[in-house]
Amino acid sequence: MNTDRINELRKEWEAEEKIAHIHGWDFSHINSRYEEEDDLPWDYRKVIDEKRVDSMKLLDFDTGGGEFLLSLGHPYSNTAATEGYPPNIELCKKELLPLGIDFKACDDASKVPFADESFDMIINRHGSFDPAESYRLLRSGGLFITEQVGAENDRDLVKMVLPDVPKPFPELELSIQQKKFEDAGFKILRAEEAFRPIRFYDVGAFVWFAHIIEWEFSGFSVDRCFDGLLKMQKEIDDNGVVEGTIHRYLVVAQK
């Protein structure tokens, strides 16, 4: 790779680094430039809809910007949500409160600002959770449904650019979390996990992604990781794609 192209790539990647931000949980900036979660063995929405009825009191914990919650079409008067990330809190106040959704700011899954036995269903996708606190919040027979990012998520990609960065959440293994639910008093109705590919078709998209997922790619920058990014570029030049692995698990638990 000649010097001119290397310098051109650095400018492109630094431009992606500069604009990396997220509104709610919106990855549309790189939608056509990467792929993931298109072949999980379960459909999170369908898992919820198989159990959800309009009369249920439903809580979406760590709702992001509320995009997925609103897509469910659950009656607003029976819907509540929490979020802890400050920019998303403001977005939820703007988007959810005017609809009549009971939104509360919360960044501690162990101290959720709702009364005991407030809900028939709690959903949580890629957010934090505390099985004991969720048990407190649910009515008898209530359901906790979560799809989570596992401990091995993106680790092969992390090692390409930050080989010495440890796993940020090593306890996020299905077997460990399933036991926590059982210890809290839940009956496990479903427990599944999956490893699937994540594909990037240009390195700029990866740069943007790594900045957004900063807890996995701790300390990432174009400058620090430039040699690793060049290796990724060669992989794309040779094969059209650089591929990693996502780790997901699903738990459906009943009180």
Please list the equivalent ellipsoid semi-axes of the range 189-236, computed as the square roots of five times the alpha-carbon gyration tensor eigenvalues, in descending order and whole angstrom. 26, 15, 9
So what's the Cα pair-distance distribution over the chain, bin width 5 Å, in %? 1, 6, 12, 16, 17, 15, 12, 9, 6, 4, 2, 1, 0, 0
Once the Cα gyration tensor of the range 18-123 is found, what semi-axes does its equivalent ellipsoid get, as square roots of 5 times the eigenvalues, in whole Å, sorted largest first? 24, 19, 12
Taking 25 Å as R0, compute the FRET efficiency from the Cβ-Cβ separation of Ser140 and Asp108 and round it to 0.05. 0.50
Would you list Glu36, Glu182 from fewest to most Cβ contacts within 10 Å? Glu182, Glu36
Cross-link pairs Lys179/Lys255; Lys51/Lys104; Lys51/Lys255 - those with Cα-Cα distance over 22 Å: Lys51/Lys104
Which of the lysines could be linked to Lys234 by a straight reach, that is with a Cα gap under 19 Å, when you skip same-chain ones fewer than 8 residues away? Lys11, Lys159
Stretched fully, the stretch from Glu214 through Lys180 gains (0.36 nm per residue minus C-alpha distance, one decimal, in nm) 9.6 nm
Which percent, nearest 5, of DSSP beta bridges in the range 3-254 are antiparallel? 60 percent
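The numbers here are math on the coordinates, done by the rules we state, and not lab data. Worth saying up front: this structure is predicted, and the values here are computed from it rather than measured. Methodologically, a virtual Cβ is constructed for each residue, glycine included, from the backbone with ideal geometry; neighbour enumeration extends over all protein chains shown.
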